[in-house]
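In what follows, a structure is listed as structure tokens, so that the remarks can point back to it.
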2 protein chains.
Amino acid sequence: MGTEDSYAALGLKAWKTQIDRADTLFGALSSEQVLREIAPDRNRLLYLWGHLTAIHDAMLRLLSLGKRLYPEFDVAFVINPDKSQTGTPSHAEIRRAWTTVNRELSKGFEKLSASDWLQGHSAVSEEEFAKDPSRNRFSVLLGRTNHLAYHLGQAVLALK
Amino acid sequence: MGTEDSYAALGLKAWKTQIDRADTLFGALSSEQVLREIAPDRNRLLYLWGHLTAIHDAMLRLLSLGKRLYPEFDVAFVINPDKSQTGTPSHAEIRRAWTTVNRELSKGFEKLSASDWLQGHSAVSEEEFAKDPSRNRFSVLLGRTNHLAYHLGQAVLALK
């Protein structure tokens, strides 16, 4: 096993650490708690959880691991702000989608070799990738890990 | 240049992205704004900035890049909660320390090779490292990048 395998494993470990924190935090919420705002007039925990689920769902396609499973989450949790939509996915639906999406990502990650991680992601053209080879799968993984940490920092504020 | 060099560069790029965001956010604060809380009765921006500076300062020693420059920041911004101490570093002192510490880290990072990043950090014994080789410099870099993103997610709440 070369050092490049170690690097990929370290990136995955950092991802897993944040996923575990999110599982613990969001997974324990009651149906009352999930409606709490992170600060007065800010996003509710429900919205943050749905938002993270939507962004992770989009990673399936971005990393060429499969099709999106919950494209309807974008309208509810990405394109529009919290409390602006009616008929958004329920607490139970978000919980199920979150678990499913991260499990599918985890399965896909296992199949990627060290050189697969350095290949361009699906939203970059061959020409763009040739100019900037950092637009690869591993960068997406690191970026989405930071995105998750960013919103976890907000989510804890609703609970302390 | 091997693929392991690419991985190290991608980790550094993710770090730099978060540092740039923090520079933009904290660097633009007036002496009035820096006293704002991220939410009612929560940490002030000044405290978060000092906290991040202290944690980054400790990375110099943890990554064996040099001695700590501002050990006194720990009492003010790590060991004790916000608003519990008198005589904490001022806005101007935090700004200067933040810039200095991240510049020193950046200089040190440039000298590390791909295999240097996979060496144990300074707080792990040889025996512990043999058991768990993921306790290395690269893991510290990824972990601290996530730590920075976590607090940036909180800091933006004071400004929107």
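The values are calculated or read from the model by the stated rules, or taken from the named source; none is laboratory data. Since this is a predicted model, take the numbers as computed values, not measurements. With ideal geometry, Cβ positions are generated from the backbone for all residues, glycine too; neighbour counts draw on all protein chains shown. We work out accessible area using only protein heavy atoms, side chains counted, and drop any ligands, DNA or RNA first. Shrake-Rupley method; radii C 1.70, N 1.55, O 1.52, S 1.80 Å.
General observations
- Carbon/sulfur fraction of accessible area - chain A, other protein chains in place, 1.4 Å, %: 52 percent
- Looking at the protein assembly as shown, the pairs of alpha carbons with a distance over 30 Å make up 38% of the total.
- Area buried, chain A against chain B - accessible surface, total, 1.4 angstrom probe, square angstrom: 2800 Å²
- Local electrostatic count at B:Thr88 - Lys and Arg +1, Asp and Glu -1, tallied over other residues with Cβ under 10 Å: -2
- Rolling a 1.4 angstrom probe over the protein heavy atoms with all chains in place gives the protein assembly as shown an accessible area of 48 Å² per residue.
- Degrees, to the nearest 10: B:45-62 long Cα axis against longest axis of chain B: 20 degrees
- Placing a label point 7 Å from the Cα of A:Lys83 along the Cα-to-Cβ direction, the distances to the matching points in the other copies come to 2.4 nm, shortest first.
- The Stokes-Einstein estimate for segment A:3-158, based on a Kirkwood radius over Cα pairs and taken at 37 °C with 0.692 mPa s viscosity, is a diffusion coefficient of 201 µm²/s.
- Cβ neighbours within 10 Å from other chains - mean over A:14-20: 3
- Peptide-level mean, for A:150-159, of C-beta atoms on other protein chains within 10 Å: 5
- Nearest 10 degrees, 0 to 90: helix B:3-27 Cα axis against chain B principal axis: 10 degrees
- Taking a Cβ cut-off of under 9 Å around B:Glu37, the surrounding Lys, Arg, Asp and Glu residues balance to a net charge of +1, with basic ones at +1 and acidic ones at -1.
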